[in-house]
Structure formats: structure tokens, C-alpha cells
Amino acid sequence: MTIAEQLPPGIARGAAGTASFGGVDLAALAQAYGTPLLAFDGELFDQSVAAFRSAFGPQTDISYAAKAFLCIALARRVASRGLTLDVCSLGELRTAQAAAFPADGLRFHGCGKYDAELEAALAAGVGRIVVDNEEELERVECAAARLRRRAPILLRVNTGIEAHTHEMVRTAGESSKFGMLPPRALAAALRAAASGNLHVHGLHSHIGSQIYEPRFFSDALEPLFELAAALHGEGVAVSELVAGGGFAVRYAPDHEAPPSPADLAGRLLAALQTGARSAGVPVPQLGIEPGRALVGEAGLSLYRVLSVKNHGSKRFAIVDGSIADNPRPALYGSYHHALLAGRRSAARERETTVCGRSCEADLLVTCPLAEDLQAGDLLAICTTGAYTYSMASNYNRFAKPPVVLVESGRHHLWVRRERDDETLRYDVDT
Ligand SMILES: Cc1ncc(COP(=O)(O)O)c(C=O)c1O
């Protein structure tokens, strides 16, 4: 089987040759909603949630990282599946509120929160604010005092664990802007523990994204336990340790399988027990924050080919999407598997560079596609559930695509297509 014939999860090819996702024929989906569009397979999402829950057990706080992708309908589903939600902006907070997400299940993140955000998070009654730095700690304390609340906080620790992943998504180590190095985190935690406006629940680490080796996550717990031991010695209890997200996703059918939730849980839950024992502290509650591992495979972008051209030995297919709806390949050199969605082809395959239509060299992917690929064909770009729609822009004043839920052969709109005239909506026409 060639790589172009291998199908990522949720995709099947019917007798007529068209591909389906979530049991919905992609040609019919394109007909119903137009292209480009993002299809979201609710069943794949549910399966990922169930796999994490069964591996990590009921005691672990599994917080979905909304930055990977959020809309009101997804926030509702996250709540109904018993997860908490990591939000990091007023927009994400408002989305959660519009979905009536239970406030105590919200964790407010970010390395540059401004006062209005802190006050909105506190007023909303979020369950935790993850404090990134000492200046922010002061501002959280002041905001809590202004609102006469006690802010429930975690302190983000830069554990120094530099995982093997793309430097743009590595979030620990001295070259990373995130969190506090352990000595500063210790001082901040002691200061916070002495404040009547703050309640320190625990420590937080997130070392990066698309990490394949589970040992990096358990290694990151070690410095957290050293801090927990030091705080315990000062009479400050650390009842929660959050190991963050970053669990890898398979972006191409022939890529190595990432660690399963069971592998990750085995490693992290064991590290939690041994860490607590050697630190001489009670076993804290574990928290994890998967983003892409829950939604990456659940997303599929559907495009129409606008033209196919040959430049010498190179073949390009230009589609009706672009860097505006999927910046990941341009940003990180990410791979997204492409397949012919609207028909089957018996033609030989030929290396093809699938490009967007923006005024950039926005190469979406280079992979083998049928020699007879032509304008009008539908192309599916797979595993686009995470960090595509949420990172989409209006570059070239392109309107954003819709998001359509596909599930057990049915479909409905989660987010409608932006209208072209809406790309002008902030202009002040003086
Ligand atoms: C604090 C935090 N937690 C969790 C995540 C989710 O990472 P991933 O989608 O790779 O699981 C991120 C991603 O940036 C993050 O910053």
C-alpha cells in the first residue's frame, strides 16, 4: 500500500471511491457547505477523551487545552465529557461562558495576562489561575483584593526540561519565556502562601508540544517535587501537580505511533507515587492538559483544487485554502497528509506540492497524489483539528472557513463560514 492510499483514523473510502469522514461522504459535505471547510469528527474526539480517562483514572484532572481549537459547541462537549478547560484569553473565557461551562472547571493560563483578564477570570469564579511570573502574582493579588476574592492559583514552573521537539513549541529551558525557574517559583510560592488574597493549590509545568518520549513528562515532575518538598518544609501544602500537555499526534499514516494514553499514564502515575515518596509529601492530585492529542486527528480540512500546474519537473496543485486557514506548515514545517477525497484514481502517483492561494509561498504539503489530479478535485488535508482553525487569520482578507461536526454519518454546522464582507468589519470608514 502506498502512503497516499493509507487512511488516517475516521476516514474510509466507499464503493463509489469517494472518501468519508465520520461516516459522512466528503463530496456530499463539500456540496452542502462549500469549500474550504473544516470537518470535526465528534466520535474520534470522544474516543480520545475516553482513552485518556480510562488510562489516567477518575482522580486525574484532565483539562482540555482550548488553544488547540475552541468553539461553543466543543466547549459544551468538553464539559459533558467531564473534562476541565484550559483557557488563556478573554475570548476563550467568553466562549466557555457562552457554553455555560462550569466556572470552577476553568483554568486561566497565559504568560502575559493583563489586568482586565485577571479581573474577568476572578469575577467569573474560575477554578485556577496559573500564574506565570512574579509581576503577575502581584497583579493577581491586587485584583483579588479589589474584588474581595481569594484567588485560587497554581504557579507555572520552568522545569528546564528541554524536550526533543520543534523549538517553536518547546516551552521549558532557559531559552523559553514561560514560567519561573525553580528558585523564583519557590520564592513566589512562599510569598503567595503568606497572602490572604491568594490560595496556592499547586505547581504547573508544560514543557512543549508534539513530544514523543513520555520520559520528558515524568522528568518534569522531579523539579516540581523538589519544590513541593521545600514548600512542605515551610508548612505550605502542594496538593496539585500539573504535568501540562504536549502529547504527540501522528500526522502521517506512516509516521511512528506516538505513546498511547496508557503509556503516558503508566509513566506519569508511577512518577507521581515515587516522587511523593522521595519528597516526603502526600501524593498530590495529577493534572494533564492535552490539546492536540484530543482534537488533532478529529479535524480534516477539505479543499477544492483550483489549478494544477507543472514547472519543469515540479507539479503544484493550488487549492482554495491557504496559510490563512492552516499556518502550521509555514510556521513549523508541519506535515499534514493529503488525499484525493472526491473520487478514487487508478492513475500512478506523482510527487505534488499542494499550495494555498495566498500571496505567500504557502506550501501546505508535498506528497504523492494521483497523476490525473485536476482542477475541481477535492483534496482532504488530514489531522487538522489542532492549531489550524484556532490559528487561522484573515490574511489577504480571506474569510474563515466553517467548522462542521461529522458524526456517525450525520453532519451539522458548529461554526458558520465567515462572509467576505465580514473581513471589513473592524474598518472605520472615515
Ligand atoms: C500551558 C499549556 N498546556 C497545554 C497545552 C497543549 O499542548 P498540546 O496541544 O501540544 O497538547 C499548551 C500548548 O501550548 C499549553 O501552553
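Whenever a residue of segment 119-140 is within 21 Å of ALA96 (Cβ to Cβ), its partners that are within 16 Å of the ligand (Cβ to nearest atom) and among the aromatic types (Phe, Trp, Tyr), lying with C-beta atoms within less than 6 angstrom and at least six residues away or across chains, give the pairs ALA121/PHE108; VAL126/PHE108; ILE129/PHE108.
The set of residues in segment 158-180 being surrounded by fewer than 15 Cβ atoms within 10 Å (Cβ to Cβ) and either more than 12 Å from the ligand (Cβ to nearest atom) or at pLDDT 95 or above (or both) consists of HIS164, GLU167, GLU174, SER175.
Counting only residues that are more than 16 Å from VAL249 (Cβ to Cβ) and of a type in the set (Val, Ile, Thr), segment 36-61 holds 1 of them. The residues in segment 99-118 that are in contact (Cβ under 8 Å) with a residue 12 or more places away in the chain and either hydroxyl-bearing (Ser, Thr, Tyr) or surrounded by fewer than 18 Cβ atoms within 10 Å (Cβ to Cβ) (or both) can be counted, and the count is 8. From the list PHE40, PHE56, the lone residue that is surrounded by fewer than 24 Cβ atoms within 10 Å (Cβ to Cβ) and aromatic (Phe, Trp, Tyr) is PHE56.
One residue alone among LEU44, LEU26 is more than 15 Å from the ligand (Cβ to nearest atom), farther than 23 Å from GLY127 by Cβ, within 18 Å of the chain's Cα centre (by Cα) and not aromatic (Phe, Trp, Tyr), and that residue is LEU44.
Quick check on segment 203-252: of everything there that is among the aromatic types (Phe, Trp, Tyr) and touching a helix residue (DSSP H, G or I) at 6+ places or on another chain (Cβ under 8 Å), which residue is farthest from the ligand (Cβ to nearest atom)?
Residues of segment 203-252 among the aromatic types (Phe, Trp, Tyr): 212, 216-217, 225, 247, 251.
Subsequent filtering for residues that are touching a helix residue (DSSP H, G or I) at 6+ places or on another chain (Cβ under 8 Å) retains 217, 225, 247.
Values: PHE217: 11, PHE225: 19, PHE247: 6 Å.
Ranking the candidates gives PHE225 first.
Name the residues in segment 369-408 that are within 15 Å of PHE21 (Cβ to Cβ) and surrounded by fewer than 16 Cβ atoms within 10 Å (Cβ to Cβ), would you? SER408, the sole residue that qualifies. Checking every residue in segment 308-319 against the condition of being among the polar types (S, T, N, Q), outside any loop (DSSP other than H, G, I, E, B) and more than 16 Å from the ligand (Cβ to nearest atom) gives at least one match.
The values are calculated or read from the model by the stated rules, or taken from the named source; none is laboratory data. Please read all numbers here as calculations on a predicted model, not as lab measurements. Heads up, the Cβs are rebuilt from the backbone with ideal geometry, glycines too, and the neighbour counts pull from every protein chain shown.
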